[in-house]
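The structure under discussion appears below in the form of structure tokens.
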Amino acid sequence: EQGDERGAAELLAQARRVVVFTGSGISAESGVPTFRDDLSGLWARFDPQRLATPEAFHADPDLVWGWYEWRRARVRRAQPNAGHLAVAALEARAPGTVVVTQNVDDLHERAGSSAPIHLHGSLFAPRCVSDAAHPAAFPEAVHPTAIPDAAHPAAFPDAEEDAGAGPGEGGRIPPPRCERCGRLVRPGVVWFGEPLPEAALTAAFEAAATCDLLLVVGTSGVVYPAAEIPRVAARSGAVVIQINPEPTPLDRICAINLRGTAAQTLPALVGIGD
Ligand code: APR
């Protein structure tokens with residue numbers, strides 16, 4: 001185990017072009033729930049069909065908006081953990097590093113990562129529903145600080161602080177209206193069945209195809225096309241190293257599988273640990 005960590009740290013130190021690919025597991029130690037972790041996972045407690053699809057929003061916008069406000073409130077109360085900070089330190093040391101995340105939280109940004117590529121959008125980039133009608137208008141690589149230059153970006157409503165109640169606890173909140181056209185504002189995340197932001201996906205595939213090492217942290221590797229990213233890197237001859245306390249379908253394409261958590265493993269790997 002120690003050998004693996006040392007080996008991984010050496011490979012990382014020698015790599016010239018690194019991609020860090022993250023999933024909800026990197027935010028777990030910040031108290032932000034993952035999706036598929038047995039009992040604590042969001043999909044064990046909430047039905048994605050009722051909350052994370054365009055049909056769900058159309059059927060009950062208050063329920064869906066309320067749920068995302070509940071998730072956003074939890075992220076705002078969370079702090080980046082040592083895993084996020086180690087990724088930012090790696091970027092500072094190796095400027096060519098590209099961070100690609102499936103997460104819709106802003107913890108990479110708050111840890112100091114300059115421009116993570118958000119494949120699934122962001123909780124901090126609400127937009128008018130009219131953009132959904134034109135997939136091309138999907139936000140490019142979305143950064144929580146910059147509301148995508150969608151046709152009608154939505155200014156953030158100052159959601160009630162007590163958006164702490166999830167749908168189970170009656171957390172229905174009517175979505176705001178677009179100031180430009182009066183239609184509903186929707187969460188700036190990619191729902192099941194929707195296309196991913198074109199520019200984000202292209203940039204992520206490009207980075208994966210040209211890197212010499214890809215670090216995959218905290219993802220179950222089962223949701224596509226995002227899960228294709230580490231496989232593109234492996235097929236392009238890059239070394240793939242995984243950090244996950246559990247085995248995943250990605251294990252077999254990884255040169256090293258570190259069975260640990262992001263906050264405990266990344267700092268030592270990046271060489272800022274003890
Ligand atoms: N450190 C590292 N990994 C962890 C930690 C931790 N502290 N805690 C949990 N994990 C791992 C779990 O073992 C699991 O493999 O993180 C992974 C989380 O998997 P998921 O919950 O499926 O999250 P993710 O892979 O990001 O989901 C992908 O699915 O629902 C959609 O759009 C959503 O972006 C999300 C996508």
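The values are calculated or read from the model by the stated rules, or taken from the named source; none is laboratory data. Just so it is clear, the structure is predicted and the values come from calculations on it, not from any experiment. Glycine gets a Cβ as well: all are built from the backbone with ideal geometry, and neighbour counts include every protein chain shown. In case anyone asks, the SASA skips ligands and DNA or RNA and just uses the protein heavy atoms, side chains included. Shrake-Rupley method; radii C 1.70, N 1.55, O 1.52, S 1.80 Å.
Here are the numbers:
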item	result
Gap separating the Cα centres of segment 49-78 and segment 1-44, nearest whole Å	26 Å
Amide H contacts under 5 Å for Val99, placed H, 5+ residues apart	Val20, Ile117
Under the Karplus curve 6.51 cos²θ - 1.76 cosθ + 1.60, θ = phi - 60°, whole-Hz ³J(HN,Hα) for segment 228-241, x wherever Gly or Pro sits	6, 4, x, 6, 5, 4, 4, 5, 8, x, 6, 7, 10, 10
Gained length - Arg76 relative to Asp212, 0.36 nm times residue gap less alpha-carbon distance	45.5 nm
Segment 105-116 - phi-based ³J(HN,Hα) in whole Hz, Karplus 6.51/-1.76/1.60, Gly and Pro as x	8, 10, 6, 4, 4, 5, 7, x, 5, 7, 8, x
Distant-in-sequence amide H partners of Arg183 (H built 1.01 Å from N, under 5 Å)	Cys178
Average accessible area per residue (Å²) across segment 1-71 - probe 1.4 Å, nucleic acids and ligands excluded	48 Å²
Net charge contributed by nearby residues that have their C-beta within less than 11 Å of Pro54 (K/R +1, D/E -1)	-1
Mean Cβ count within 10 Å, highest first, over the residues of peptides 121-127, 107-113	121-127, 107-113
Distant-in-sequence amide H partners of Leu214 (H built 1.01 Å from N, under 5 Å)	Val19, Val239, Val240, Ile241
Net charge of neighbours whose Cβ lies under 11 Å from the Cβ of Val189, counting Lys and Arg as +1 and Asp and Glu as -1	+2
